[in-house]
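In what follows, a structure is listed as structure tokens, so that the remarks can point back to it.
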Amino acid sequence: FENEERGGLDSDVPVFVVGMPRSGTTLVEQIIASHPQAAGVGELPDIATLVEELSILGGGETAYPKCILHADSGHISELAQRYLERLEELAPGASRIVDKLPGNFLYLGFIAIAFPNARVIHCRRNAMDVCLSCYLSDFGALQWAWRLEDIGFYHYQYQRLMNHWHQILPLQMYDVDYEQLVADHEAVSRDLISFCGLDWNDQCLKFHNSDRAV
């Protein structure tokens, strides 16, 4: 991050909401998407797909994440452009577009290179609460969510990786605690909208009136 140019786009349109499932990511997306200049596109699998393509574009010799070390800046820019076009196709005209796939915390290193001006909102929630909520939810393909032992291990590794990202990433990152958000909704919502670089709009307090699907 300090020494090399690896491509990417200057766009500040993407907003990534990451964290554990059941940590308030949908609530945060709904608040931001209620702003007239913003939109939410749900949980897109696109970032993970683009990351997997990096090794193919580079000849298929090195898997992610090490393939980034050998990635051509043109490849990074090409992948970033495809993702941006996908966002703008889903939400034309929006100044900020929220992708709220929680697991994108795994790919924040790639995101920092592909979109150095992107904003990242990290949703946090009490560990016992969020892990139990994951255990009681049917996530289908998320195999780590079926046993309490696996959930605890996943949560620990998630915290370890997020601590790492906070230390090294040259990204705009904002931590929002679920408990604080529900206890002081307006104050935290105002902070969220300000972090996104938007002027306040009272519609953000009426997210529950939105007709968009959750």
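The single condition among (1) in a loop (DSSP other than H, G, I, E, B); (2) at pLDDT 95 or above; (3) touching a helix residue (DSSP H, G or I) at 6+ places or on another chain (Cβ under 9 Å) that residue 137 does not satisfy is (2). Counting only residues that are in contact with a Leu (Cβ under 7 Å, 6 or more places away or on another chain) and open to solvent by 10 Å² or more (accessible area, probe 1.4 Å), which one in segment 68-81 is nearest to residue 34 (Cα to Cα)? Only one residue fits best here, namely 81. Note on segment 69-91: residues that are over 19 Å from the mean Cα position of the chain (by Cα), of a type in the set (A, V, I, L, M, F, W, C) and closer than 20 Å to residue 10 by Cβ total 1.
Can you tell which of 90, 101 is more than 24 Å from residue 166 (Cα to Cα), at pLDDT 95 or above and among the aliphatic types (A, V, I, L, M)?
Testing whether each residue is more than 24 Å from residue 166 (Cα to Cα), at pLDDT 95 or above and among the aliphatic types (A, V, I, L, M) leaves just 90.
Among the residues of segment 110-134, those identified as open to solvent by 10 Å² or more (accessible area, probe 1.4 Å) and in a helix (DSSP H, G or I) are 113, 127, 128, 129, 131, 132, 133. Scoring residue 210 on the criteria (1) surrounded by 13 or more Cβ atoms within 10 Å (Cβ to Cβ); (2) within 17 Å of residue 18 (Cβ to Cβ) leaves a single failure, condition (2).
For (1) surrounded by fewer than 13 Cβ atoms within 10 Å (Cβ to Cβ); (2) within 23 Å of residue 29 (Cα to Cα); (3) more than 18 Å from the chain's Cα centre (by Cα); (4) touching a residue at least 60 places away in the same chain (Cβ under 8 Å), each residue gets a yes or a no:
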residue	(1), (2), (3), (4)
107	no, yes, no, yes
140	yes, yes, yes, no
149	yes, no, yes, no
169	no, yes, no, yes
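Given the criteria part of a strand (DSSP E or B) and either of a type in the set (Phe, Trp, Tyr) or open to solvent by less than 50 Å² (accessible area, probe 1.4 Å) (or both), does residue 176 qualify? Yes.
The values are calculated or read from the model by the stated rules, or taken from the named source; none is laboratory data. This one's a predicted model, so the numbers in the text were calculated from it and none came from an experiment. So basically every Cβ, Gly included, is an ideal-geometry build from the backbone, and we count neighbours across all protein chains shown. Ligands, DNA and RNA are stripped out before the accessible areas are found, and what is left, the full protein with its side chains, is counted by its heavy atoms. Shrake-Rupley method; radii C 1.70, N 1.55, O 1.52, S 1.80 Å.
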